[in-house]
Amino acid sequence: MFRNISKSEIINDNKLSKNFVNVKLNKLDLSCNIYKGDFSLDSFNFFLINNNNTTFDKLFTRDEFQKNEHFFTNKFYDNFHNNFNNFKKINNSFVLGSNAANNYYSNLTQFLPRIFFLNNNKIRIVINRNSSTKFRDFIKKILVSKKIDFSFTYLDEGFYKFTNSEMPQFFNLSKSINILRYILIPKKLESADKKIYVTREDSNYRKIINEADIIPILRSKGYKIINPQLYTIEDQIKIFSNVDKIIGAYGSNLANIIFCKPNTEILEIGPSFDEDYEKLFENRYKHLADLNKLKYSRLIADTVTIKKHSEIAKKYINKKVLNKSNYYKNLIVKIKDIKSFV
């Protein structure tokens, strides 16, 4: 069995504490604990296990809903060690990581904040191969601005063995938002569109089927139609940091509301989440809005069953969940509901 170590135990263990470097962001009075040495992890959870069979649950759990129980079973322990010598090897790297399915919410709020604690002038950055060109380009801009000489190393599915490498801790959502807002929001906001509708026309799920009926109504009320897929991440931040009102369907594009000014009005259009396993999704963007002091509302839409699921969804999601969950369906909005809001 693996031994799980708390933060206080790390501090009190002189030998173990030498494996951690503490990097501080002085202006936010915020620090990041970075494990430095040899360790293993998988390319989905990024749950670090060092070579002494030690884990650090409080530091390396990337999502508040992530379940780590299976890492502490005898079956996992035996399987881990039976396959240890077959793990792919990577040396001298900084494990930033990214979501295995390239989910923007996860990339933005869980993985990206940790890059601002990189304290090397030359490094190999480890991310998932599935990460989008847009996300990679944004990382490049950040590293170039920090004058860091870098290259990318890409992870595929499975476990990896790292030597002489670094793995930064994950932050809770509130700290992640503070980091991202402080560093990424432009210091001088330009005049821009004050009301936007965020379309999911290119998405596989929660696309609004009758969008053609509601867009003319929104345009007549001064809303600009925004497709985030057509904008760089840098431009998305500028757009969301300027607006006063946002309407959009439930989805990762709404992660950008972390850059909004306090009191910005948010209308999230989404399905009803009826299953117990859906509850972790239900208040995701409401939670972001609450942390950022935004005025949040939710409009429940009817759902439409998807006939053909995406390959990524089929790879990572149980078939029964795909066929039953409203998260994996499209939406129809009642026109009267939109009219009453705008």
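The values are calculated or read from the model by the stated rules, or taken from the named source; none is laboratory data. Not measured: the values here are computed from a predicted model. With ideal geometry, Cβ positions are generated from the backbone for all residues, glycine too; neighbour counts draw on all protein chains shown.
Numbers at a glance
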| quantity | calculated |
| --- | --- |
| Within the range 297-307, tally of residues that are at pLDDT 90 or above, outside any strand (DSSP E or B) and surrounded by fewer than 18 Cβ atoms within 10 Å (Cβ to Cβ) | 1 |
| Residue among Q229, Q236 that alone is outside the structural domain of F135 (by TED's automatic domain parsing), under 27 Å from N102 (Cα atoms) and modelled with pLDDT under 95 | Q229 |
| Candidate set: the range 1-44, residues that are assigned to a loop (DSSP other than H, G, I, E, B) and touching a strand residue (DSSP E or B) at 6+ places or on another chain (Cβ under 7 Å); chosen: the one nearest to D57 (Cα to Cα) | I5 |
| Any chance E166 is within 26 Å of N26 (Cβ to Cβ) and either out of contact with any Pro (no Cβ under 8 Å at 6 or more places or on another chain) or surrounded by fewer than 21 Cβ atoms within 10 Å (Cβ to Cβ) (or both) | yes |
| Unique match (being touching a helix residue (DSSP H, G or I) at 6+ places or on another chain (Cβ under 9 Å), in the same structural domain as D29 (by TED's automatic domain parsing) and assigned to a loop (DSSP other than H, G, I, E, B)) among F273, F171 | F171 |
| Yes/no for N33 being of a type outside the set (A, V, I, L, M, F, W, C), touching a Pro at 6+ places or on another chain (Cβ under 8 Å) and in the same structural domain as N164 (by TED's automatic domain parsing) | yes |
| Conditions (1) in contact with a strand residue (DSSP E or B) (Cβ under 9 Å, 6 or more places away or on another chain); (2) closer than 20 Å to L173 by Cβ; (3) of a type in the set (G, A, S); number of the one not met by S252 | (1) |
